[in-house]
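Undergrad: Sharing a structure here in structure tokens format.
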Amino acid sequence: MSRETNTRALEPEIVTEFGAGPGYSAYLALPDLLGAQHPVSRPPQHDELLFIIQHQTTELWLKLVLHELRAARAAFDADEPGVALKAIARVKHIQRTLTEQWSVLATLTPTEYARFRKFLGHSSGFQSHQYRAVEFLLGNKNPEILRVFEADPAARSELETLLREPTLYDAFWRHLARTGLAVPRSVLERDITAAYVLNPDLIPLVKSIYAAPQDNWPVYEAFEELVDLEENFQLWRFRHLRTVLRTIGSTRGTGGSSGAGFLQRALDLTFFPELFAVRTETDI
């Protein structure tokens with residue numbers, strides 16, 4: 001290190017020739033990745049690049065979330081709860097990053113957004129099939145949403161597949177049933193193509209775990225990991241809502257939704273209802 005020149009000399013071992021394998025740029029396909037931003041505003045608006053990158057990075061993180069949630073579901077199917085919880089722990093960290101990321105988009109003022117919003121047409125985050133895939137995997141299945149993806153056969157196919165597959169929560173309860181816990185048949189035999197809803201039959205079992213966590217600590221721990229997962233998702237939804245309100249108020253969304261009102265109603269949706277319902281029990 002030269003303090004006089006404020007430079008750091010390259011070490012002799014540092015690779016500068018990449019004939020034997022891909023370098024950093026090639027491995028990450030950086031020319032494609034960094035060339036994937038195509039502003040549409042005319043004349044070009046400085047702040048549109050922020051808007052594009054915000055959504056593209058969100059989609060990349062959602063791809064990883066789906067990767068990890070599918071791995072967690074497969075681990076529960078294989079009766080490997082430790083592996084499943086490891087994947088869920090990673091998802092929780094990704095969720096925190098996604099939630100914090102809204103603060104960057106929140107620097108976009110109403111005036112700045114208005115300069116290019118009209119050029120977006122009907123494109124909207126509502127049309128993110130990966131976001132819908134995460135919802136489906138966690139239990140918020142809604143076959144009506146498939147109509148949004150009529151023009152995108154690949155996206156529709158992925159969602160149709162997830163619609164017919166068990167959710168992460170389904171896989172979790174099936175795993176617990178195989179360990180000997182008395183999971184009600186109404187849980188194990190539910191219609192997995194429907195959105196998961198509160199099953200009162202399950203409350204006594206959940207309550208018994210919370211009442212004596214020391215007797216079944218791994219299950220108790222898994223309950224709390226799932227609670228974290230849902231809470232993080234709700235925090236993301238709330239941050240989304242507040243960012244929209246800050247930027248466009250109650251204006252209708254570009255995709256045709258009522259905007260903030262539609263996002264507000266999403267906060268009423270739940271993934272793991274029994275794990276929250278049991279908290280109203282006073283004698284656990």
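Undergrad: Give the separation of the Cα centroids, the range 21-75 to the range 200-231, in Å.
TA: Centre-to-centre (Cα) distance: 36 Å.
Undergrad: I would also like to ask the following. Pop out the ³J(HN,Hα) list for the range 267-276 in order, Karplus 6.51 cos²θ - 1.76 cosθ + 1.60 with θ = phi - 60°, rounded to Hz; leave Gly and Pro as x.
TA: 5, 8, 7, 9, 9, 10, x, 5, 6, 9
Undergrad: Let me ask something else about it. Hey, rough spin-label estimate for residue 115 and residue 215, points 7 angstrom out along Cα→Cβ, what's it come to in nanometres?
TA: Rounded to a tenth, the inter-label distance reads 6.5 nm.
Undergrad: Also, I was wondering about something else. Could you derive backbone 3J(HN,Hα) for the range 33-38 from the dihedral phi with the Karplus parameters 6.51, -1.76 and 1.60 (θ = phi - 60°), listing whole Hz in sequence and x where the residue is Gly or Pro?
TA: Values per residue, Gly and Pro as x: 5, 7, x, 8, 9, 10 Hz.
Undergrad: Which of the lysines could a cross-linker bridge to residue 141, judged by Cα under 27 Å and excluding same-chain residues fewer than eight apart?
TA: Partners within reach: 63, 86, 92, 207.
Undergrad: In whole Hz, with x marking every Gly and Pro, tabulate ³J(HN,Hα) for the range 120-135 from phi via Karplus 6.51 cos²θ - 1.76 cosθ + 1.60, θ = phi - 60°.
TA: These are the phi-based 3J(HN,Hα) values: 6, x, 9, 5, 7, x, 4, 8, 6, 6, 5, 4, 5, 5, 4, 4 Hz.
Undergrad: Roughly how tilted is helix 81-105, in degrees to the nearest 10 and between 0 and 90, from the longest Cα axis of the chain?
TA: 50
Undergrad: Mind giving me the FRET efficiency for residue 197 and residue 54? R0 is 41 Å, r the Cβ-Cβ distance, nearest 0.05 is fine.
TA: With a Förster radius of 41 Å, E is 0.80.
Undergrad: Counting alpha carbon pairs within less than 8 Å and at least 6 residues apart, what relative contact order, in whole percent, applies to the chain?
TA: Relative CO of the chain lands at 20 percent.
Undergrad: Still on this structure: For residue 27 and residue 157, what is the calculated FRET efficiency with R₀ set at 22 Å and r taken between the beta-carbons, to the nearest 0.05?
TA: Once the sixth-power term is evaluated, E becomes 0.15.
Undergrad: Another question, if that's okay. Translational diffusion coefficient of the chain at 25 °C, 0.890 mPa s, Stokes-Einstein with Kirkwood Rh over Cα pairs, in µm²/s as a whole number.
TA: Rounded to a whole number, D works out at 113 µm²/s.
Undergrad: Now for a separate question. Find how much the distance from residue 150 to residue 208 grows on full extension, using 0.36 nm per residue of separation minus their present alpha carbon separation; answer in nm with one decimal.
TA: 16.3 nm
No value in this document is a laboratory result; all are computed from the given coordinates. From a predicted model like this one, the values you see are computed outputs, not experimental measurements. Cβ atoms come from the backbone with ideal geometry, glycine included; neighbour counts cover every protein chain shown.
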